1. Checking the condition assigned to a strand (DSSP E or B) and crowded, with 18+ Cβ neighbours inside 10 Å, which residue from Arg124, Arg154, Arg158 passes?
2. Scan segment 43-53 and tell me whether some residue there is surrounded by fewer than 16 Cβ atoms within 10 Å (Cβ to Cβ), of a type in the set (Gly, Ala, Ser) and not in a helix (DSSP H, G or I).
3. Out of Thr46, Thr35, report the one residue that is of a type outside the set (A, V, I, L, M) and either free of Cβ contacts under 8 Å to residues at least 40 places away in the same chain or farther than 17 Å from Gly147 by Cα (or both).
4. Can you find, within segment 141-174, the residue that is nearest to Val49 (Cα to Cα) among those that are at pLDDT 95 or above and in contact with a helix residue (DSSP H, G or I) (Cβ under 7 Å, 6 or more places away or on another chain)?
5. Looking at (1) under 25 Å from Asp48 (Cα atoms); (2) within 12 Å of the chain's Cα centre (by Cα), which one does Ala111 not meet, given that it meets all the others?
6. Pick out the one residue from Leu44, Leu78 that is at pLDDT 90 or above, within 21 Å of His139 (Cα to Cα) and in contact with a Cys (Cβ under 9 Å, 6 or more places away or on another chain).
7. How many of the residues making up segment 123-174 are in contact (Cβ under 8 Å) with a residue 40 or more places away in the chain and among the acidic types (Asp, Glu)?
8. Can you find a residue that is modelled with pLDDT of 95 or more, over 14 Å from the mean Cα position of the chain (by Cα) and not in a loop (DSSP other than H, G, I, E, B) anywhere in segment 23-35?
Amino acid sequence: MSQAPPPHSLSAADAVLAIEEIKRVFAARLRCMDTKQWHEYAPLHTDDVVSETWGGLPEDKQPRTGDTANRVVGKKKLAEAIRALLDGPVCVTTAHHGHTPEIELTSDTTARGIWAMEDMLWWRDGDEELHLHGYGHYHEEYRKEDGRWLISYRKLTRLRVDSSPGFFRFMKAL
């Protein structure tokens, strides 16, 4: 039985290199978020990136694009929304981990991936430290533009969230 040809024309070595470059852009995104390097965060995404990672927030605090909740479109708007959540009037300390990537090249310049994820967030409310510890998966798409792999789509699905009661009380609507 013969196997179907891959959906791309890359050599095996170039395919491995592409997957490694995708892993690096993903890792850089998490690092920039946790270290609050917003000037580096936006350029890791395509201009038309779509992010649907806000579903765990109370509905009245989720960002909207038009009438659609839990959606941000555009790399500048995405960076602004993440910054407002994590580095606004209340600074939230974060640690994001991505594990066990499943990356598939869908063409010479496109790919999709699923990453197991874990995130931890902490903030202080007076003398009280509140926390959130989440588990789930990032579902992403990538596009190679001008020789660089960038994130073009992201959706977060959560399996479990453990948090202090009232964790989101610090937030204003995004």
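1. Arg154
2. Checked segment 43-53: no residue is surrounded by fewer than 16 Cβ atoms within 10 Å (Cβ to Cβ), of a type in the set (Gly, Ala, Ser) and not in a helix (DSSP H, G or I).
3. Result: Thr35 is the single residue among Thr46, Thr35 that is of a type outside the set (A, V, I, L, M) and either free of Cβ contacts under 8 Å to residues at least 40 places away in the same chain or farther than 17 Å from Gly147 by Cα (or both).
4. Ile151
5. Status for Ala111: all satisfied but (2).
6. Of Leu44, Leu78, the one residue that is at pLDDT 90 or above, within 21 Å of His139 (Cα to Cα) and in contact with a Cys (Cβ under 9 Å, 6 or more places away or on another chain) is Leu44.
7. 3
8. The first filter runs over segment 23-35 and keeps only residues modelled with pLDDT of 95 or more, leaving 23-35.
Keeping just the survivors that are over 14 Å from the mean Cα position of the chain (by Cα) gives 35.
Of the ones still in play, those that are also not in a loop (DSSP other than H, G, I, E, B) are 35.
Yes.
The values are calculated or read from the model by the stated rules, or taken from the named source; none is laboratory data. These figures come from a predicted structure and were not determined experimentally. Counting neighbours? That spans all protein chains shown, and the Cβs are built from the backbone with ideal geometry, glycine included.
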